[in-house]
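Asks: After the structure tokens below, expect a handful of questions from me.
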Amino acid sequence: MPVYDVSDRRGRALAAVLVVIVLVVIAVTAVTWRMVRERGARPYRLGAAGALPEDISRAVARVAPAVVRIDTTAGAGPGALLPGLFGGPQDLFPHPGQGSGVIVNGRHGYVLTNAHVVAGARAIWVVLPSGRSLRGRLLGADVVTDIAVVQIRGRNLPEAELGSSEALAVGSWVIAVGNPFGLENTVTTGVLSAKGRTIAGEGASAVTDLLQTDAAINAGNSGGALIDLRGQVVGMPTAIVPYAKGIGFAVASDTVKAVLPELVRAGKVSYPWLGIAYGTPRTQPGAVVERVLPHTPAARAGLRQGDLIVALDGRAVRRREDVARIIRAKRPGDKLTITIRREGEDRKIGLRLAEMARER
């Protein structure tokens with residue numbers, strides 16, 4: 001009968017296990033070393049939001065053919081919009097003739113740009129990336145949102161796709177494509193720094209619901225494209241803070257999608273009119289009524305100076321920007337229920353919005 005040495009069997013098994021462990025450790029170390037070496041050789045391979053250079057290149061390739069240069073003659077100048085904004089209109093908006101645009105409908109030749117780019121222009125020319133120059137016709141412009149639509153006639157026009165600015169998270173990669181200082185199809189990258197920004201100048205109307213980005217925006221980028229990594233247009237560069245670094249603003253694509261059809265159809269945008277001046281109180285959430293204009297819906301409904309607006313149609317109001325956003329989502333003639341706080345008591349007031357006169 002054969003005799004087996006149990007201790008030898010256990011020793012051989014233990015040795016085999018140790019060999020396997022050593023091989024696994026060596027393999028993992030080799031793979032890790034290779035990844036570290038590759039990352040060291042390409043330190044910008046991964047960005048803060050996980051963007052790859054290939055993603056950026058593909059996104060730019062999708063939109064760049066539709067980003068155009070806008071040339072105008074005898075414009076009214078940038079002072080036509082938002083005088084005094086951030087210390088001076090000359091610092092924010094380039095003179096007409098130095099702007100960009102994006103073709104958003106190739107079939108009908110609709111070119112999206114800023115209202116301040118084409119303000120007062122007697123002639124508009126749209127220059128494609130190929131160098132082809134086409135005469136443009138202004139279909140409509142809206143200084144409240146700084147959006148304008150120019151139409152061109154041409155064959156096989158490229159077009160960019162409008163995405164959702166609401167769906168884009170703060171911190172996401174964004175890419176600006178435009179013509180700063182006439183340098184066509186210049187690409188800069190950054191992140192979406194914030195949403196819902198409002199900028200205004202003394203004695204001027206405010207532009208609300210803007211996107212803030214640190215992607216470099218310079219004179220001539222106005223009216224161009226701010227895109228996400230899928231190559232969809234999520235914003236349109238419109239303004240910068242000249243004395244800051246990395247602070248630029250763009251009109252949100254959701255605002256564009258809301259305004260564009262009306263500009264094409266009617267050449268202007270009809271805004272609802274409440275008839276009050278209001279601000280944000282320092283000590284509590286809401287919007288305080290600072291002035292009620294006569295012969296307006298607010299005056300007829302009995303609103304008073306000092307009333308605190310706490311809700312509109314049941315939606316909470318925490319600051320003045322909430323009032324503008326909720327009202328601008330409505331149309332002239334729509335009903336509005338305002339919840340105000342007066343002398344410590346909440347009460348509801350119903351009214352019907354009027355149409356804002358253009359001179360206002």
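Asks: Evaluate the relative contact order of the stretch 98-191 (contact order divided by residue number), counting alpha-carbon pairs under 8 angstrom at least 6 apart; express in whole percent.
Replies: 29 percent
Asks: Could you list Asp313, Asp55 in order of exposure, starting from the residue whose Cβ has the fewest other Cβ atoms within 10 Å?
Replies: Final ranking by Cβ density, sparse to dense: Asp313, Asp55.
Asks: Amide H neighbours of Val234 under 5 Å, at least 5 residues apart or on other chains, H built in the peptide plane: list them.
Replies: Correct list: Gly163, Leu226, Ile227, Asp228.
Asks: In nm, give the distance between the simple-model label positions of Arg107 and Leu18, each being 7 Å from the Cα along the Cα-to-Cβ direction.
Replies: According to this spin-label approximation, the distance is 7.5 nm.
Asks: With a point put 7 Å past each Cα toward its Cβ, work out how far Arg153 is from Lys330 in nm, to one decimal.
Replies: 4.3 nm
Asks: Sorted from fewest to most neighbouring beta carbons within 10 Å, what does the list His108, His116 look like?
Replies: Sorted ascending by nearby Cβ count, the order is His108, His116.
Asks: Here is a further query. Between Glu54 and Arg318, with labels modelled 7 Å along Cα→Cβ, what's the label distance in nm to one decimal, could you check?
Replies: Inter-label distance under the simple model: 4.1 nm.
Asks: Can you tell which of Gly275, Val289, Pro332 lies farthest toward the positive end of the dipole of the stretch 272-355, using +1 and -1 charges on the Cβ of basic and acidic side chains (Lys, Arg; Asp, Glu)?
Replies: Checking the options against the dipole of the stretch 272-355, the answer is Pro332.
Asks: Could you name the lysines in cross-link range of Lys257, using Cα to Cα under 18 Å and dropping any fewer than eight places away on the same chain?
Replies: Result set, ordered by chain and number: Lys195, Lys268, Lys330.
Asks: Using Cβ contacts closer than 10 Å as the measure, can you line up Leu308, Leu162, Leu211 from fewest to most?
Replies: Leu308, Leu162, Leu211
Asks: Using each residue's phi in the stretch 302-317, evaluate 6.51 cos²θ - 1.76 cosθ + 1.60 at θ = phi - 60° and report the 3J(HN,Hα) Karplus result to the nearest Hz, with x for Gly and Pro.
Replies: Each residue of the stretch 302-317 in turn: x, 5, 10, 4, x, 4, 9, 7, 10, 7, 10, 6, x, 8, 4, 10 Hz.
Asks: Give a residue-ordered list of calculated ³J(HN,Hα) values for the stretch 181-191 (Karplus: 6.51 cos²θ - 1.76 cosθ + 1.60, θ = phi - 60°; whole Hz; x for Gly, Pro).
Replies: Result, ordered by residue: 6, x, 7, 5, 6, 7, 10, 10, 10, x, 10 Hz.
Asks: Right, here's the next one. Spelling out what I want: for every residue of the stretch 115-127, take phi, set θ = phi - 60°, compute 6.51 cos²θ - 1.76 cosθ + 1.60 (Karplus), and round to whole Hz; glycine and proline get x.
Replies: Once θ is set to phi - 60°, the couplings for the stretch 115-127 become 4, 6, 5, 10, 4, x, 6, 8, 9, 10, 10, 10, 9 Hz.
Asks: Now for a separate question. Give the long-range amide H neighbours of Gly136: residues separated by 5 or more places, or on another chain, with amide H under 5 Å away, using H modelled in the peptide plane at 1.01 Å from N.
Replies: Ile124, Trp125, Val126
Any read-out appearing in this document is the output of simple, stated calculations on the displayed coordinates, not a laboratory observation. These numbers were taken from a predicted model, which means no experiment stands behind them. Here Cβ is always computed from backbone atoms with ideal geometry, including for glycine, and neighbour counts include all displayed protein chains.
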